[in-house]
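Let me begin by presenting the structure, written as structure tokens, before commenting on it.
Rule-based calculations on the coordinates, nothing more; no lab input. Quick caveat, the model's predicted, so the values are computed rather than measured. Don't worry about glycine lacking a Cβ; one is built from the backbone with ideal geometry, like all the others, and counts go over all protein chains shown.
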Amino acid sequence: MKIRNILILSAIAILLAAVSLWIGQWTYSWMPPQAAAESHLVDKLFSFLITLGAFIFLGVTGTLIYSAIFHRAEQYDTSDGPPIEGNITLEIVWTAIPVLLVFWIATYSYQIYEQMGIQGPMEAMHIHIPIGMRSASAAPINGDAGIVSASPTSSIVSTDATSNVIAFEDIEVNAKQWAWVFRYPEKGITSTELHLPVNHRIRLAMQSEDVLHGFYIPAFRVKQDIIPNRNIDFEFTPIRIGKYELTDSEFSGTYFATMRANVVVESPEDYKKWLAEAANRKPCTANNQAASEYAQESKELIKGWVTVAPAQAPVVNYSN
């Protein structure tokens with residue numbers, strides 16, 4: 001190949017790489033704000049995949065367009081093109097490139113997963129390297145409005161031998177048709193609203209009373225299925241103060257779309273105030289759309305239609 005052609009192809013490759021990088025950086029800007037340390041890592045992986053995909057897409061599409069414009073057959077030319085057969089170099093190249101890309105994606109994805117430090121049902125695979133696991137709070141967390149620097153105040157536990165010292169907060173999550181109930185074992189209070197202290201490592205112990213549910217907070221970029229009859233441990237680190245939304249990402253029945261809850265990330269001081277306020281409240285029945293509508297409809301049941309009765313409306317110390 002002539003040097004001139006090599007320079008032209010190199011220039012095109014650099015241009016495609018620059019455009020792909022721009023697409024990769026821009027593509028997740030429409031997502032919710034990055035409210036957890038894990039969201040930076042997930043967006044980083046997402047950006048990498050989009051960049052790689054954009055480079056391949058633009059390269060293949062550009063080659064096809066170039067061939068269609070400059071190498072198309074003349075009118076009434078029905079002859080076959082030159083045969084390409086037995087080109088070992090070409091076969092090695094188009095086999096090796098996809099294989100290397102797959103290994104690159106797999107390795108990078110696993111590195112991101114390990115940096116997140118989420119336990120979940122896969123925690124058994126980390127038993128052999130418990131000290132080596134890093135918390136996602138190791139990601140950069142300074143500089144943005146609303147993001148507060150880490151200031152551990154209680155339950156301080158070292159999670160990393162090199163850098164991370166962060167406070168843990170244990171919360172129990174109970175999912176049922178169709179309500180979320182959060183229990184704070186240290187205070188013995190329950191709530192239908194999930195309150196979290198910013199820059200604390202949150203450890204959730206999740207259970208499902210009935211069917212498969214999905215714990216999903218889009219702003220945190222974390223999702224975990226909650227399987228009936230199994231205890232699911234799950235961890236993440238909120239880093240941005242604000243109010244977000246938890247949804248059930250798995251279809252769990254008629255009212256699954258109403259199975260939402262507010263997620264309030266607040267400063268450790270406000271979090272303690274909220275715990276104290278909730279502890280002083282007497283438990284009462286929370287408003288629950290599924291239970292209340294079912295109670296009304298059950299007075300005039302439609303014969304022949306089988307339905308699933310929702311769980312009893314939760315009795316909690318705090319409900320919004």
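Values for this structure:
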quantity	calculated
³J(HN,Hα) computed for each position of the range 88-95 - Karplus, 6.51 cos²θ - 1.76 cosθ + 1.60, integer Hz, glycine/proline x	5, 4, 4, 5, 5, 5, 6, 8
Using θ = phi - 60° and Karplus 6.51 cos²θ - 1.76 cosθ + 1.60, couplings along the range 191-198 (whole Hz; Gly, Pro as x)	7, 9, 10, 8, 9, 9, x, 5
5 angstrom amide H check on Asp170, placed H, neighbours 5+ away	Arg203
For peptides 76-87, 34-45, 242-253, 207-218, sequence by mean Cβ density within 10 Å, most packed first	34-45, 207-218, 242-253, 76-87
Long-range amide H partners of Asp233 with built H, under 5 Å	Gly120, Met206
5 angstrom amide H check on Ile189, placed H, neighbours 5+ away	Tyr184
